[in-house]
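Notes follow the structure.
The values are calculated or read from the model by the stated rules, or taken from the named source; none is laboratory data. Since we're looking at a predicted model, the values are computed, not measured. Glycine also receives a Cβ, built like all others from the backbone with ideal geometry; neighbour counts cover every protein chain displayed.
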Amino acid sequence: MDWTLSDVEAFARRTLTQAAYDYVAGGAGEERTLRDNVEAFRRQTLRPRFMVDVSKRDLSTPLLGQSYPVPFGVAATAFHRLFHEDGERGVARACAERGILHSVSTLATTPLEEVAQEGARRWFQVYIHRDRELTGNLVQRAVDAGYEALVLTVDAPVWAIRERDRRNKFTLPPPLTLANFERYLDAAVAGGPDGLSNYVNAQLDPSLTWTDLHWLRRFGLPVLVKGVLTAEDAALAVQHGAAGIIVSNHGARMLDRVPATLDVLPEIVDVVRGRVPVILDGGVRRGVDVLIALAAGANFVMLGRPVVWGLAAGGSAGAGRVLDLVREELDNAMALTGCRSVGEITRRLLA
Ligand SMILES: Cc1cc2nc3c(=O)[nH]c(=O)nc-3n(C[C@H](O)[C@H](O)[C@H](O)COP(=O)(O)O)c2cc1C
């Protein structure tokens, strides 16, 4: 596989139906935030330092008491078997082979226990459903299957308006299912062309408040709050016991016109003051973007679409290739800015 990162999306596009491609590539509304997420990184320039001995570089990064070989992991994304038959297990295998952190979506097309069998270091992403018993059972299954943390997605009290998906009448084609919830299968798939978004809308709980974070913490795993975009919500998340903050706008897939995640990162880092890790996702397309996010104060970074493109283009090996390329680029950018370790990536690098 002789790809560069710039090729992967184009390769993926060739293998996917228009509806599946649009589901991944698209965002909410006019997709202004979608463009901004990426542009915020492209606007940032760097202040490299030289004549530091960079012959040895260490990319390892601590997070929640663990050490990871690189400061980035895989964000939770839905429906992997729609993109390649290797599906969620393929991404998990690519992560396991490299020791990379894998967040697994509630909306996976493979049961969470099967994904766990690949042995990757794993977090489980949770949507709290109206039916708390259903959510509780799912979370308990994740605990039992060795997931190390829960990621509570808070930015989806209702579902988004995604115009590409509406136009395409996007739904999960049979025989694929929301494999973590077999009993809702019929509702999801048989609901007609809008079955999926109707289904999700009917299940999401718009009444969620911070009290629900306390409920989720009772399952005993650290709970990270994903989808924070303001200092106010970051402060509340920490106050209510979040183990980490994920600064995210859901890959610009919920509400158009919210800011790029890189632009809101500093206010969140300032209010959190190192009490819990701050993780960023959204618009990271290159190793140098990982460096920029870390320099701007993130402790860790997650990749969404790039890994999905890798999976679509080349299955598990394709996802792995993307992870390797991002790692190589980050290592190269560290050397060329005078950083020997992740701890040396600081704000002084940002022009
Ligand atoms: C195809 C796709 C599916 C996603 N599914 C989920 C999901 O099920 N749960 C969730 O919390 N976030 C989901 N996300 C958002 C990602 O976790 C992440 O926030 C986003 O992809 C990061 O932006 P990036 O794609 O620009 O890297 C999804 C994103 C994409 C692109």
Test ASP281 against the stated conditions and say whether it is surrounded by fewer than 24 Cβ atoms within 10 Å (Cβ to Cβ), within 22 Å of VAL104 (Cβ to Cβ) and modelled with pLDDT of 95 or more.
no
State all residues of the range 124-133 that are away from the ligand (no atom under 11 Å from the Cβ) and either modelled with pLDDT of 95 or more or not in a strand (DSSP E or B) (or both); if no residue qualifies, say none.
ILE128, ARG130, ASP131, ARG132, GLU133
Only residues that are hydrophobic (A, V, I, L, M, F, W, C) and surrounded by fewer than 20 Cβ atoms within 10 Å (Cβ to Cβ): list them for the range 139-158, please.
VAL143, ALA145, VAL158
Restricting to the range 284-308, count the residues that are charged (D, E, K, R), surrounded by fewer than 24 Cβ atoms within 10 Å (Cβ to Cβ) and more than 9 Å from the ligand (Cβ to nearest atom).
1
Subset of the range 180-217 [in contact with a helix residue (DSSP H, G or I) (Cβ under 8 Å, 6 or more places away or on another chain), of a type in the set (A, V, I, L, M, F, W, C), in a loop (DSSP other than H, G, I, E, B) and modelled with pLDDT under 95]
PHE181
Unmet requirement for SER103, which otherwise passes all of (1) assigned to a loop (DSSP other than H, G, I, E, B); (2) within 11 Å of the ligand (Cβ to nearest atom):
(1)
Note on TRP159: of the conditions (1) within 14 Å of the ligand (Cβ to nearest atom); (2) at pLDDT 95 or above, unmet is (2)
Report, by residue number, each residue of the range 71-100 that is of a type in the set (A, V, I, L, M, F, W, C), more than 12 Å from the ligand (Cβ to nearest atom) and surrounded by fewer than 23 Cβ atoms within 10 Å (Cβ to Cβ).
ALA96
Subset of the range 270-308 [β-branched (Val, Ile, Thr) and part of a loop (DSSP other than H, G, I, E, B)]
VAL276, VAL284
Search result, residues across the range 139-155 that are in contact with a Lys or Arg (Cβ under 9 Å, 6 or more places away or on another chain) and away from the ligand (no atom under 16 Å from the Cβ):
ALA145, GLY146, GLU148
